[in-house]
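The values are calculated or read from the model by the stated rules, or taken from the named source; none is laboratory data. Remember, predicted model here, so these are calculated numbers, not experimental data. Note: ideal-geometry Cβ built from the backbone for every residue, glycine included; neighbour counts use all protein chains shown. Side chains included, ligands, DNA and RNA excluded: accessible areas come from the protein's heavy atoms. Shrake-Rupley method; radii C 1.70, N 1.55, O 1.52, S 1.80 Å.
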Amino acid sequence: MAFQRDTEALAQIAGRLSWDQETMMPRGAADQRSDERAAMEAVLHQRRIDPRVRDWLEAIPTDGLSEQDRAKLRLIRRDHDRAAKVPERLASEIARTVSRGHVTWAEARADDDFASFAPVLSEILKLRQEEAAALACGGDLYDALLDKYEPEARAEDLVAMFGALRPRLVALREAVLSKPALPGLTKSFNEQGQMKLARLLAKTFGYDFRRGRVDKAVHPFSSGSGDDVRITTRTVPLDPFNCLYSTIHEVGHAAYEQNVDPSYRLTPLGQGVSMGVHESQSRIYENQLGRSRAFCGWLYHQMRDTFGDFGIPDEDTFYGAVNQVRNGYIRTEADELQYNLHVLLRFDLERALVAGDLNVNDLETAWNDRFKADFGFEVDKPSNGVLQDVHWSAGLFGYFPTYSLGNVYAGCLHKALTEAVPDLDAQLARGDTSAATAWLRDNLQHHGSLYQPRALIEKATGSAPSEEPLLDYLEAKFTALYDL
């Protein structure tokens with residue numbers, strides 16, 4: 001465990017290099033940073049495959065160990081086995097290439113030029129395919145990559161779950177879009193006011209600023225665990241909700257990391273168990289709590305205090321503005337109703353890429369065709385299409401489906417939360433999230449990685465994960481909002 005503690009600490013340092021690259025790093029440092037990250041990854045890889053780890057695992061008697069110690073050993077064994085299958089050369093090359101790829105993606109996105117990004121994306125995909133082949137040992141390549149982000153998940157199971165989501169989501173979207181649009185915001189909102197409100201919201205949802213900070217980035221994210229958990233957001237003058245709800249979303253991630261049992265710090269249990277469970281926290285904070293009618297009533301008055309009269313006459317109109325369903329290109333800005341359709345598009349495309357059924361040079365066309373089929377209108381430029389997400393430039397193949405899985409988990413958790421806290425709406429109307437966040441802390445976040453993802457959701461809710469609570473919640477909410 002002493003050896004593992006140092007490995008966990010070094011991994012946190014590697015994460016800080018990534019955070020700095022997104023927020024503070026001078027642009028001209030990109031090449032040097034890619035070498036730094038590659039060197040750090042080489043050190044971490046050597047520690048993860050150190051033959052002493054296998055010797056220690058074999059020497060430890062399991063009789064009489066606590067549940068926590070057994071879980072720690074299970075996770076160390078899992079990481080050791082995965083790392084041992086990946087050559088050090090490959091691990092280092094992936095780190096170096098994705099660091100370079102991120103910079104290339106950012107420039108290509110700014111220039112709306114997918115062709116300039118395609119060569120490095122092809123390199124990243126090839127490296128990830130090589131990694132998947134090493135991990136899969138003859139099994140499914142995509143499952144091998146997915147397992148990194150959602151242990152024990154299988155693509156065929158997600159295909160079935162997402163197949164159950166799609167018809168009801170599409171039917172509800174069509175019904176909503178057939179109704180008159182709800183009033184939205186029409187004024188400009190200064191950055192200073194947005195950031196002031198963002199920090200207020202972070203504090204309202206329990207973010208501990210003694211162990212964190214809020215900065216700006218192109219793509220909002222959360223980084224770190226334990227006593228150093230940082231979040232980023234972004235401001236858009238005509239869309240303050242982008243800033244405010246990105247902040248709440250990232251606070252959900254950060255709260256998970258800050259609320260893990262302190263005794264697990266710098267152990268394998270000391271962080272969120274999976275990206276799907278992580279996303280359940282960010283989405284329930286952002287949507288079921290932050291976009292609720294009750295909380296919007298409180299937020300409306302905070303907006304007026306900050307910006308004065310901003311053209312929205314009352315709380316009900318504000319609630320509609322927050323929850324507008326409208327056509328849009330960007331996944332992170334999508335309404336609750338259409339968000340998962342964005343994820344399913346990416347899930348299908350990246351499975352085709354990993355399987356070799358889709359070439360990177362054909363990706364932009366495939367994206368545009370699929371988007372037109374799913375959303376009914378054409379992508380206008382690459383930054384609103386294939387270049388909008390950071391994930392593929394970072395080599396995160398297998399990550400996208402965890403977003404929709406997280407929404408499913410959030411639906412299950414929200415159903416259990418409302419049963420456990422019957423006066424939830426009355427509390428949210430006062431801007432008081434403490435009962436909700438305490439329930440999530442005690443029933444899920446505190447456990448860190450002690451339990452496997454599905455087992456953790458079942459333990460917290462009393463039922464196996466299902467898409468039904470999410471669909472029921474969305475149908476009830478938007479049927480009432482649009483008077484269907």
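How long are the semi-axes of the equivalent ellipsoid of the range 244-387, defined as square roots of 5 times the Cα gyration tensor eigenvalues? Whole Å, largest first.
Ellipsoid half-lengths, sorted descending, are 32, 27, 11 Å.
Quick one: with all protein chains in place, what share of the accessible area of the range 63-107 is carbon or sulfur, to the nearest percent (1.4 Å probe)? All intermediate terms of the calculation are to be shown ahead of the outcome.
On the way: 1020 of 2140 Å².
Roughly 48 percent of what the probe reaches on the range 63-107 is carbon or sulfur.
So how tilted is helix 336-355 from the main axis of the chain? Cα-based, degrees 0 to 90, rounded to 10.
So the helix axis and the longest Cα principal axis differ by about 30 degrees.
Taking the alpha-carbon centroid of each part, what is the distance from the range 413-484 to the range 203-281 in angstrom?
18 Å
Listed here are the pairs LYS372/LYS415; LYS203/LYS381; LYS187/LYS216; LYS203/LYS372; LYS148/LYS459; which of them are more than 30 Å apart at the Cα?
Table pairs above 30 Å Cα-Cα are LYS372/LYS415; LYS203/LYS381; LYS203/LYS372.
If you wrap the range 185-267's Cα atoms in a convex hull and average its projection over all directions, what's the area in nm²?
5.3 nm²
Using mean Cβ contacts within 10 Å as the protection proxy, how do 338-349, 134-145 order, highest first?
Result, highest mean first: 338-349, 134-145.
Tell me the per residue accessible area of the chain using a 1.4 Å probe; a whole number in Å² is fine.
On a per-residue basis, 41 Å².
Ranked highest first by average number of other Cβ atoms within 10 Å, how do 89-100, 453-464 line up? Intermediate results must be reported in sequence, preceding the final value.
Numbers: 89-100: 20.7, 453-464: 18.2.
Top of the packing list down: 89-100, 453-464.
Not counting ligands, DNA or RNA, and with a 1.4 Å probe, what is THR7's accessible surface area in Å² rounded to the nearest 10?
Its heavy atoms expose roughly 10 Å² to the probe.
Could you give each residue of the range 292-308 its phi-based ³J(HN,Hα) in whole Hz, using Karplus coefficients 6.51, -1.76, 1.60 with θ = phi - 60°, and x for Gly or Pro?
5, 4, 5, 5, 4, x, 5, 5, 3, 6, 5, 5, 5, 5, 8, 10, x
Give, in nm to one decimal, the length gained when the segment between SER463 and ASP228 is fully stretched (0.36 nm per residue of separation minus the Cα-Cα distance).
Between SER463 and ASP228, full extension yields 81.3 nm more.
Per-residue counts of other Cβ atoms within 10 Å, averaged by peptide: what ranking do you get for 41-49, 442-450, highest first?
Going from most to least packed, we get 442-450, 41-49.
State the Kirkwood hydrodynamic radius of the range 1-86 in Å, one decimal place, computed from all pairs of distinct Cα atoms.
In the range 1-86 this quantity evaluates to 14.7 Å.
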